[in-house]
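Chemist: Before I ask anything, let me first share the structure, which is written out below as structure tokens.
The values are calculated or read from the model by the stated rules, or taken from the named source; none is laboratory data. Just so you know, these numbers come straight off a predicted model, no measurement behind them. Neighbour counts run over all protein chains shown; Cβ positions are idealised from the backbone, glycine included. Calculation scope for accessible area: heavy atoms of the full protein, side chains included, ligands and nucleic acids excluded. Shrake-Rupley method; radii C 1.70, N 1.55, O 1.52, S 1.80 Å.
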Amino acid sequence: MTDNPKILCFAGSLRQDSLNKKLARQACEFAQAAGAEATYMDLKEYPLPIYDGDIEKASGLPENALKIKEMMKAHNGFLLACPEYNSSITAALKNAVDWASRPAAGEKNLECFTGKVAGLMSASPGALGGMRGLIIVRSMLSNIGVIVVPEQHSISKADQAFDGEGKIIDEKNKQSVDKVVQHVIKIVRGQKAI
């Protein structure tokens, strides 16, 4: 149905075999199973220079920034799997958000973020599962108008958490990720009903 929630799923990692890409793909499958039109986006397919106001002034937004913005604008919500680098957000995710936050001609400020609903998760081989980085992601997204659901999930020892096909093995982890997914979809559906 065309009125189903449209959810964009992506990871804040560029690495091909990223644990967080596996997590984002799994969340995407859960969203599709719940009736959403879920799309997986790989940031590695949209390389960007580090945000630089001089580049923007000289030539406008890079083509890949425009593509990311259009994908974000076309979706009602986001499911983000966020690696933690040095207790913080990854440069790849921050850079994508920085470029996407810049208004193109005729666009409202923060148009691809304002009112969108996001669910956060992370995966890490460490004991904390990347949860320290989620604090920063939550703060950043909330400050640019995204409604971030309170539920989040971090998978610790994530190098052992996925099978050979990239599926989550542990039932508790599956249920917790699905809970985040379900809450995002519920809020988006509520917004669409207004």
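Chemist: Quick one: is R138 more than 14 Å from L23 (Cα to Cα), modelled with pLDDT of 95 or more, assigned to a helix (DSSP H, G or I) and among the basic types (K, R)? Walk me through it before giving the result.
Modeler: Working: more than 14 Å from L23 (Cα to Cα): yes; modelled with pLDDT of 95 or more: yes; assigned to a helix (DSSP H, G or I): yes; among the basic types (K, R): yes.
Taking the combined requirement at face value, the residue satisfies it.
Chemist: Only one residue in I7, I89 is in contact (Cβ under 8 Å) with a residue 60 or more places away in the chain, farther than 19 Å from V184 by Cβ and open to solvent by less than 40 Å² (accessible area, probe 1.4 Å), so which one is that? Lay out the reasoning, then the answer.
Modeler: Values: I7 fails: farther than 19 Å from V184 by Cβ.
Of I7, I89, the one residue that is in contact (Cβ under 8 Å) with a residue 60 or more places away in the chain, farther than 19 Å from V184 by Cβ and open to solvent by less than 40 Å² (accessible area, probe 1.4 Å) is I89.
Chemist: Any chance you could count how many residues in the stretch 158-194 are part of a helix (DSSP H, G or I), among the acidic types (D, E) and without any contact (Cβ under 8 Å) to a residue 40 or more places away in the chain? Write out each step before concluding.
Modeler: Keep residues of the stretch 158-194 that are part of a helix (DSSP H, G or I), which gives 158-160, 171-193.
Narrowing the set further to residues that are among the acidic types (D, E) leaves 159, 171, 178.
After this cut, where a residue has to be without any contact (Cβ under 8 Å) to a residue 40 or more places away in the chain as well, the list is 171.
Summing the residues that are part of a helix (DSSP H, G or I), among the acidic types (D, E) and without any contact (Cβ under 8 Å) to a residue 40 or more places away in the chain in the stretch 158-194 gives 1.
Chemist: If you don't mind, there's one more thing I want to ask. State yes or no: is L61 modelled with pLDDT of 95 or more and either part of a loop (DSSP other than H, G, I, E, B) or out of contact with any strand residue (DSSP E or B) (no Cβ under 6 Å at 6 or more places or on another chain) (or both)?
Modeler: Numbers: modelled with pLDDT of 95 or more: yes; either part of a loop (DSSP other than H, G, I, E, B) or out of contact with any strand residue (DSSP E or B) (no Cβ under 6 Å at 6 or more places or on another chain) (or both): yes.
For L61, the condition - modelled with pLDDT of 95 or more and either part of a loop (DSSP other than H, G, I, E, B) or out of contact with any strand residue (DSSP E or B) (no Cβ under 6 Å at 6 or more places or on another chain) (or both) - is met.
Chemist: Residues N109, N143, N95: which one is over 16 Å from the mean Cα position of the chain (by Cα) and either farther than 26 Å from P5 by Cβ or open to solvent by 30 Å² or more (accessible area, probe 1.4 Å) (or both)?
Modeler: On the way: N143 fails: over 16 Å from the mean Cα position of the chain (by Cα); N95 fails: over 16 Å from the mean Cα position of the chain (by Cα).
The conditions single out N109.
Chemist: Please state which of the following conditions K22 fails to meet, knowing it meets all the rest: (1) closer than 21 Å to D178 by Cβ; (2) within 16 Å of the chain's Cα centre (by Cα); (3) in a loop (DSSP other than H, G, I, E, B).
Modeler: Result: K22 fails condition (3) only.
Chemist: When you look at K186, is it closer than 23 Å to Q32 by Cβ, in contact with a Gly (Cβ under 7 Å, 6 or more places away or on another chain), at pLDDT 95 or above and among the basic types (K, R), yes or no? Step through it out loud before you land on a result.
Modeler: Numbers: closer than 23 Å to Q32 by Cβ: yes; in contact with a Gly (Cβ under 7 Å, 6 or more places away or on another chain): no; at pLDDT 95 or above: yes; among the basic types (K, R): yes.
When the stated conditions are applied, K186 does not pass them.
Chemist: Next up: Search the stretch 116-129 for residues that are touching a residue at least 40 places away in the same chain (Cβ under 8 Å) and pair each with any residue that is hydroxyl-bearing (S, T, Y) and open to solvent by 10 Å² or more (accessible area, probe 1.4 Å) when their beta-carbon atoms are under 6 Å apart and the residues are at least 6 apart or on different chains.
Modeler: S122/S154
Chemist: Looking at this structure, is N4 under 25 Å from N173 (Cβ atoms) and at pLDDT below 95? If you could, list the steps in order and put the result at the bottom.
Modeler: Values: under 25 Å from N173 (Cβ atoms): no; at pLDDT below 95: yes.
In short, no.
Chemist: Collect the residues in the stretch 146-184 that are open to solvent by less than 60 Å² (accessible area, probe 1.4 Å) and of a type in the set (S, T, N, Q), keeping them in residue-number order.
Modeler: S154, S156, N173, S176
Chemist: So how many residues does the stretch 17-75 have that are open to solvent by less than 40 Å² (accessible area, probe 1.4 Å), in contact with an Asp or Glu (Cβ under 9 Å, 6 or more places away or on another chain) and among the hydroxyl-bearing types (S, T, Y)?
Modeler: Adding up the residues that qualify gives 0.
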